[in-house]
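Undergrad: Sending over a structure as structure tokens; questions will come in a sec.
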Amino acid sequence: MKPNTPFAPQSSRETPEPSLSGRRVALRALASAGALLATAGLGGCGFALRQAPKFAFESVLVTGFENTQVSRALQQAMVSAGIQVANASKAAQTTPAAVPVQVVLHVARDHHERVVSGQTDSGQVRELTLRVRFRFRLSTVAGKVLIDDTELLLERDISFTETAALAKAAEENTMFHDMEGDIAQQVLRRLAAVKSL
């Protein structure tokens, strides 16, 4: 009579473990099913990737402060978005003369400011405020105003120490460059909001 205990020896006929290739096939099938479910879930929740902006015009003439930092960043962004850009400065003209200009972007102001916003008791500078101001308007070649005078202002605070003046100068340049790109993208979104000429 065999003892009925949980420690009784098991039969030598156990179910064989699945092979390594069989596990890989099962894992691939499971991963594919998970990816399909995730995609279906995203589609159902209204998620969509941001689309490239569409514009009511295909060509623009930039006048005024056309060769300043923000203006150049904006022109590069417009070219990347598929708009043909002509610069009022002949040396920087990027569009063939045969392309008819549909709208005029007049840049009235593109100004960088560096203001002391914090000092120690002894008068040493400890904090700076960096500002970029950009004012523009958009009109048709005939003079119809599409976007009235609009000024954009970005500000960033930065700490300052005289012992690391060179490093802080490089940091300032990087921050100004980032702000220029931010303003260029803001202007681009406003241009895309124009639905008809």
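Undergrad: Calculate the tail of P(r) for the stretch 83-197: the fraction of all Cα-Cα distances greater than 21 Å, expressed in %.
TA: So the pairs more than 21 Å apart make up 53 percent of the total in the stretch 83-197.
Undergrad: Also, quick follow-up: Tell me the accessible surface of Leu154 in square angstrom (1.4 angstrom probe, heavy atoms of protein chains only), to the nearest ten.
TA: 30 Å²
Undergrad: Assuming R0 = 25 Å, can you tell me the calculated FRET efficiency for the pair Glu151 and Arg114, based on Cβ-Cβ distance, to the nearest 0.05?
TA: With a Förster radius of 25 Å, E is 0.85.
Undergrad: Nearest 20 debye, what's the magnitude of the dipole of the stretch 113-197 about its Cα centre given +1 on Lys and Arg Cβ and -1 on Asp and Glu Cβ?
TA: 600 debye
The values are calculated or read from the model by the stated rules, or taken from the named source; none is laboratory data. The structure presented is a predicted model; accordingly, all values stated were derived computationally and were not measured. Please note: Cβ atoms are built from the backbone with ideal geometry, for glycine as well, and neighbour counts cover all protein chains shown. We work out accessible area using only protein heavy atoms, side chains counted, and drop any ligands, DNA or RNA first. Shrake-Rupley method; radii C 1.70, N 1.55, O 1.52, S 1.80 Å.
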